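Remarks on the structure that follows.
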Amino acid sequence: MQRRQLLQTFFAATASAPLLFVSSNAQSAPSQRSALDSARWAPLNATRLHSVIEQFGSSSKSYDAKRRPYAVFDWDNTCIMNDCEEALFMHQINQLNFKFTPEELSEAVRKDLPVGPFKAEAGFVTLDKKPVHMEDLADDIAENYRKLYAQKQAGKNIDEIRESEEFKDFRAKLYFMYDAICDSYAIEFGYKWIIYFFANMTPAEVQAMAELSNNRALGDALRKVKYESSRQLPGKAGVVVASHFHGIRIHEEIRSLMQTLRANGIDVFVSTASLDDVVRVFASHPNYGYGVPPENVIGLRLDMKDGKYTGNYRQGWHFNWGPGKTIGIQHELVAKKGYDPLLVFGDSDGDAWMLRDFKGTQVGVIVNRIKKGEIGNDSQMAANGMGERNARFILQGRDENTGLMIPDEKSIKYGKSERKLLA
């Protein structure tokens, strides 16, 4: 990683006590209030957000500094374009950066998963349309890793290793497995499974890897790449194809809004379905400019042992997705503050409940990904309320080809050119 001289601190509020980056923005808000930069916000959205800041921010006569209002943001595909944890997983695979013996990886890749075929109707089949069984895929991944591990232990260069058929097979099958788990079982299986691969690493090691992954993804083109497993090594599972959406973009409107909220006495929190220590790098590192205090990030957590992550989910900690995000906000924020979030921001089913569950929330802002499901229901309510002075939900458009927000409620899907409002 390209290291910089950074202020680092241990966040005592989590038992893991990870090494964290803290920006000056996170430590202190500007002394003078600032107006919302309308930038590429849809005009109606800029007006609605401005009105909430005026009504509840520090310029309001009713403002109480002892009861500071707060906003809660989802991270992936809300504060940024694309998913930093999925980018990190692909980066981890490409660097073969695991602290596993072959036996440990073989155990991790099967952890908590039911045996049998993945969901064929969702496309998780071989190239010749045969079912892919979890146990066969796990056996192939473990066998590939055993050979790659031996090469790495022997001092072989990672660039050489990546040219091998074993690596080609390992990368495609491991990432295919992640997508297959997410789409075949309850989402909790996949979102926990992906963070088990941080086992035996310290928080500092994971965060260093996350920073390098972020920087690489920010400099990468937005592109969907298909990875085919080795035809020479079909293994037990057969030949499969995985797809990954490369590239990340900062949503400048969100970054700027966070600064504006703090300048107006409104605190900023993040609720994520990624490992909280991973998102803290992006949200809190001064290089990215969001300025979120590390302790203000609520996400998934792993148990710790001897200062390192284990391959076990934190005992007693909720699953921070969907209804679980509401639980996290209730336990970590509402119970301590005594009142609901003022604003909530999200983009997917994982955010749908927290967008609508709090009576005290003035606006739920939806980054419009033109989705169905629970977030589709929230999006429909936003569409129905467009133009209303006190709209409870608003849709914000973006262009997935550029990663930029656009001044419209409609969005443009990747590879398309037309703007759409709803799925």
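The values are calculated or read from the model by the stated rules, or taken from the named source; none is laboratory data. Nothing here was measured: the structure is a model prediction, and the numbers come from that model. Cβ placement follows ideal geometry from the backbone for every residue including glycine, while neighbour counts extend to all protein chains displayed.
Couple of notes before you dig in:
- Residue selected from region 399-423 under the condition under 18 Å from A217 (Cα atoms), touching a residue at least 40 places away in the same chain (Cβ under 8 Å) and of a type outside the set (A, V, I, L, M, F, W, C), by the criterion surrounded by the most Cβ atoms within 10 Å (Cβ to Cβ): E400
- Residue in region 252-263 that is surrounded by 17 or more Cβ atoms within 10 Å (Cβ to Cβ) and in a loop (DSSP other than H, G, I, E, B) present: no
- Close pairs from region 155-169: first assigned by TED's automatic domain parsing to the domain that holds A142, partner buried (at least 16 other Cβ atoms within 10 Å of the Cβ) and among the polar types (S, T, N, Q), Cβ under 7 Å, at least 6 apart: I161/Q151; E165/S230; E166/N144; K168/S229; K168/S230; D169/N144; D169/S229; D169/S230
- Tallying residues that are over 27 Å from the mean Cα position of the chain (by Cα), under 24 Å from K111 (Cβ atoms) and assigned to a helix (DSSP H, G or I) within region 126-180 yields 14.
- Of everything in region 275-318 that is over 30 Å from G57 (Cα atoms) and hydroxyl-bearing (S, T, Y), the residue that is surrounded by the most Cβ atoms within 10 Å (Cβ to Cβ) is Y309.
- Every pair of residues 6+ apart whose Cβ atoms lie under 7 Å, when the first sits in region 325-345 and is more than 16 Å from A273 (Cα to Cα) while the second is of a type in the set (S, T, N, Q): D340/T361; P341/T361; L342/T361; L342/Q362; L343/T361; L343/Q362
- When region 181-211 is filtered for residues that are of a type in the set (A, V, I, L, M) and either in a helix (DSSP H, G or I) or in contact (Cβ under 8 Å) with a residue 40 or more places away in the chain (or both), the ones remaining, listed by number, are I181, I187, I194, I195, A199, M201, A204, V206, A208, M209, A210.
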